[in-house]
Amino acid sequence: MSAEVTIVEVGPRDGFQAIAPIIPTERKIEFACKLADSGLRRIEIGSAVNPKLLPQMADVFDVHTAVRNLRPHVALSILAPNRKGVELALAHGVEEIVYVLSVSESHNRSNVHRSVAQSLADFVDITALVQGIADFRVRVDLATAFHCPFEGVTSERAVLTVVERLLAARDDIEICACDTTGRASPWAVREFFARCRSAFGADRPWAFHGHDTYGLGLANVVQAFEAGVRVFDASFAGLGGCPYAPGATGNVATEDVAFLFENASVSTGLDLAGLVAVAGQAATIEGAQAGGRVKFLSPAQACRSGITATV
Ligand code: ZN
């Protein structure tokens, strides 16, 4: 197989926000730099949300500014669920926002406190706000694209309607379908992307955000890849718990996804040994629940990755 994929590191956002004890700003910066040094070229560095609701993200712009200065070659994004968040991001020189809305009504109301129609209307406003900013990138995270914790399986019609409305507002967006609950089946993931690519164009950028809550994370990644997706979200050490499944692991782990693709000769551009090391350090964060399976490398892989094997 000759192909390459891009892994978007979402640990500093999806992972850290699930951790209650506040991680010192310096440590967040240090982790982001180590992730960049492991080859990651896109990092979702945090969320621009009300710090009273999510105190872990109160220093998001300090982290953003520091990492941008220390690793200027890495594309950093900030998740912003509303206009206020986008305005704050713009004021801090952010060059990529991740707008989030859920396909299902009840999850959108519980997650961003408004109806899906209101989120879509806000998106139109936001696109007007950022229009004309050179090289500004907009990604949309479609939460509950497959399954909603309140409503069950998400209907195909609801997905297509939301995507159509988003693309009508701005057509150069990257759309990331999120398996928020980890309950999407691999067949549903493949079908989802096949349907979206045929309805809206195979050339446009699609991405997949999987959670490993029920152990289907990597199987879903494979099926998204088979359906043509080449951008995958992942979180180092699989950080990022699921609020609806206490004790469950979080996102697919960056090191697992990298291992999967590198073993299939699909290039990720990542240094697996570096990733395994930084994932190991993530497990020591107070309050973190580390997942991920790739915790050591075979001697051959370690050599390929440039570290000395201890054999
Ligand atoms: Zn997530």
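The values are calculated or read from the model by the stated rules, or taken from the named source; none is laboratory data. Quantities reported herein were computed from a predicted structural model and do not represent experimental measurements. Every residue, glycine as well, gets a Cβ built from its backbone with ideal geometry; the counts of neighbours run over all protein chains shown.
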Would you check if there is a residue in segment 226-234 being modelled with pLDDT under 95, under 16 Å from the mean Cα position of the chain (by Cα) and buried (at least 23 other Cβ atoms within 10 Å of the Cβ)?
no
Condition test on residue 284, is it more than 16 Å from the ligand (Cβ to nearest atom), farther than 23 Å from residue 146 by Cβ and modelled with pLDDT under 95?
yes
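Restricting attention to segment 3-54, report how many residues are of a type in the set (S, T, N, Q) and either closer than 25 Å to residue 267 by Cα or touching a Pro at 6+ places or on another chain (Cβ under 7 Å) (or both). Spell out the reasoning first.
Initially, segment 3-54 is screened for residues of a type in the set (S, T, N, Q), giving 6, 17, 25, 38, 47, 50.
Narrowing the set further to residues that are either closer than 25 Å to residue 267 by Cα or touching a Pro at 6+ places or on another chain (Cβ under 7 Å) (or both) leaves 6, 38.
Residues flagged as of a type in the set (S, T, N, Q) and either closer than 25 Å to residue 267 by Cα or touching a Pro at 6+ places or on another chain (Cβ under 7 Å) (or both) within segment 3-54 amount to 2.
Filter segment 50-65 down to the residues that are of a type in the set (S, T, N, Q), touching a residue at least 40 places away in the same chain (Cβ under 8 Å) and more than 18 Å from residue 112 (Cα to Cα) and list them by number. Show your work before the answer.
Filtering segment 50-65 down to residues of a type in the set (S, T, N, Q) leaves 50, 56, 65.
Now restrict to residues that are touching a residue at least 40 places away in the same chain (Cβ under 8 Å): 56.
Across segment 50-65, there are no qualifying residues.
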Picked from segment 9-38 (must be closer than 18 Å to residue 72 by Cα and not hydrophobic (A, V, I, L, M, F, W, C)), the residue nearest to the chain's Cα centre (by Cα) is 9
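Restricting the search to segment 36-48, which residues are farther than 17 Å from residue 240 by Cα, of a type in the set (A, V, I, L, M, F, W, C) and not in a helix (DSSP H, G or I)?
Of all residues in segment 36-48, those farther than 17 Å from residue 240 by Cα come to 36-42, 48.
If we keep only those that are of a type in the set (A, V, I, L, M, F, W, C) too, we end up with 36, 40, 48.
Within segment 36-48, 40, 48 meet the criteria.
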Filter result for residue 133 (away from the ligand (no atom under 16 Å from the Cβ), crowded, with 16+ Cβ neighbours inside 10 Å, without any contact (Cβ under 8 Å) to a residue 60 or more places away in the chain and of a type in the set (A, V, I, L, M, F, W, C)): no
Of the residues in segment 178-228, those that are away from the ligand (no atom under 16 Å from the Cβ) and of a type in the set (A, V, I, L, M) come to 188, 194, 199, 202, 219, 222, 227
Filtering segment 10-41 for residues that are within 18 Å of residue 92 (Cβ to Cβ) and either charged (D, E, K, R) or away from the ligand (no atom under 16 Å from the Cβ) (or both) leaves a count of 5
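Quick one: how many residues across segment 18-48 are of a type in the set (A, V, I, L, M), touching a strand residue (DSSP E or B) at 6+ places or on another chain (Cβ under 9 Å) and surrounded by fewer than 23 Cβ atoms within 10 Å (Cβ to Cβ)? Talk me through it step by step, then tell me what you get.
Taking segment 18-48 first, the residues of a type in the set (A, V, I, L, M) are 18-20, 22-23, 29, 32, 35-36, 40, 43, 45, 48.
Those still in the list that are touching a strand residue (DSSP E or B) at 6+ places or on another chain (Cβ under 9 Å) too: 32, 35-36, 40, 43, 45, 48.
Keeping just the survivors that are surrounded by fewer than 23 Cβ atoms within 10 Å (Cβ to Cβ) gives 36.
Summing the residues that are of a type in the set (A, V, I, L, M), touching a strand residue (DSSP E or B) at 6+ places or on another chain (Cβ under 9 Å) and surrounded by fewer than 23 Cβ atoms within 10 Å (Cβ to Cβ) in segment 18-48 gives 1.
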(1) out of contact with any Gly (no Cβ under 9 Å at 6 or more places or on another chain); (2) crowded, with 18+ Cβ neighbours inside 10 Å all hold for residue 97 apart from (1)
Over segment 79-102, the set of residues within 17 Å of the chain's Cα centre (by Cα) and within 15 Å of residue 142 (Cα to Cα) is 79, 80, 81, 97, 98, 99, 100, 101, 102
Filtering segment 66-92 down to residues that are without any contact (Cβ under 8 Å) to a residue 60 or more places away in the chain and of a type in the set (Gly, Ala, Ser) yields 66, 80, 85, 89, 91
